[in-house]
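Structure first, commentary second.
Derivation of every value follows stated rules applied to the coordinates shown; laboratory data play no part. Given the structure is predicted, the values throughout are model-derived calculations rather than measurements. When we count neighbours, we look across all protein chains shown, and the Cβ atoms used for this are built from the backbone with ideal geometry, even at glycine.
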Amino acid sequence: MPPEQALEPEPVRHPTARSCPFDPPPELGRYRESTPLRRLAYPDGHLGWLVTSHRLARTVLADDRFSARADLKHVPVPRPAADPFIGAEVQPGWFVDLDPPEHTRYKRLVISSFTARRMAELRPRIERTVEGHLDALAQAGPPADLVEHFALPVPSTAICELLGVPYGDRAEFQHNSTVLFSLTADAGEGVEAMRALDDFLLRLVRHKRRVPGDDLLSRMASTSDLTDAEVAGAGVLLLTAGHETVAGMLGLGVFALLSHPREWRRLRERPDLADNAVEELLRYLSIFHFGVPRTPLEDVELDGRTIRAGESVTISLSAANRDPQRFPHPDRLDLARATGGHIAFGHGIHQCIGQNLARLQLRVAYPALAARFPDLRLAVPAGEVPLGGDMGFYGVHRLPVAW
């Protein structure tokens, strides 16, 4: 055994228990301070690595020697519903599980729908969507569930409009998306959810080849570079991740703001802070809470240690975004802090392609909610809010509010 690896602490398992609903498990902070690159024991018996510092996280995510391929991945916490798709051949169209040049081929086809210019064009539609669901929230309560009436329908509406998916079918795809990202669903349920999503998008793609519209699925279907299955798979990826992540950020973000009255008041009184507030909430909450997997295709020297080819590396985004070497007093929610450099959307070529759309929705939704409901408050004690730690994307299952 190489000398540097003989000095490694005993392998750990990825912690999942939180002491505060908004903070990552405290063990991650201790690992970051003592051994920011350390051995991680994966549930399937694989022995890999855990990265917890901001510096090392950006280094790994920017290094093209570390692969994102699905067939090389190991998950850091048990996810039975994902077992059929992890360590297996990539699902058609799931470009997040591909390396260049295949990843580049997909990215070129979809990137124009997510540029800053395109978001500026979409902003009036997002504003109307937000206002409409604020009306629905007002009609439902008080009290009312903010997730049901606002946090979930806002991003579901937005991603449906962008892709060209009928919003009337939301109950089906939201259910199957929840199963797919659940930590408690079994492998059979995961396979059935993926099959249902694939079938749903495949029917839609074939229709759009015959009757194209002004939407992303139609534009993807119009190219000869992709098969129907590949377009449908990319659609499943964008549809599921596109609404789950923003819904998580809206629900959990409002919970965090209401639990920090000073910051909620700041947002109400200073709508000009909205853009920075969104970045701080993204950093502070880091809802992709179990990290990002990468696998080196060759031996790589990192921080004085040798990562062997094929040894899975999990980059903890939540630990990196709480690194005091990058963000002073990182466990404090401060909507006015300088937040540049957070990696809530990842980093490098696989940085989230939908980040501009997510930012736009959050920048519109948070201040609009604060303006419409300045006296918004939790309708139950904070300890009774059901947290989404049983999902791949962290959030709240419900958020009862009053005003």
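Worth a mention:
- The simple Förster model, with R0 at 41 Å and r as the Cβ-Cβ distance, assigns A116 and Q139 a FRET efficiency of 0.75.
- Fewest-first ordering of S312, S218 by other beta carbons within 10 Å of each residue's beta carbon gives S218, S312.
- Residue-span extension gain [R209 to E269] - 0.36 nm each, minus C-alpha spacing: 16.7 nm
- Förster radius 35 Å - calculated FRET efficiency between A402 and T104, Cβ distance, rounded to 0.05: 0.10
- Treating r as the C-beta distance of R308 and E131 and R0 as 56 Å, the FRET efficiency rounds to 0.55.
- Sequence of C160, C20 once ranked by neighbouring C-beta atoms within 10 Å, starting from the fewest: C20, C160
- Sorted by Cβ neighbour density within 10 Å, fewest at the top, the residues E102, E244, E161: E102, E161, E244
- Inter-label distance for E189 and R55, nm, one decimal - labels placed 7 Å from Cα along Cα-to-Cβ: 4.3
- The mean sequence separation of alpha-carbon pairs under 8 Å and at least six residues apart, normalised by the residue count of the range 3-402, gives a relative contact order of 24 percent.
- Springs join every pair of Cα atoms under 10 Å in this Gaussian network model of the chain, and among L226, L61, L180 the largest mean-square fluctuation is at L226.
- Residue among T157, T306, T16 with the largest mean-square fluctuation in a Gaussian network model of the chain, springs linking Cα atoms under 10 Å: T306
- For the pair the range 357-403 and the range 29-74, the centres of their Cα atoms are 31 angstrom apart.
- Using 0.36 nm per residue and subtracting the Cα-Cα separation, the extra length available between D23 and R372 on full extension is 122.8 nm.
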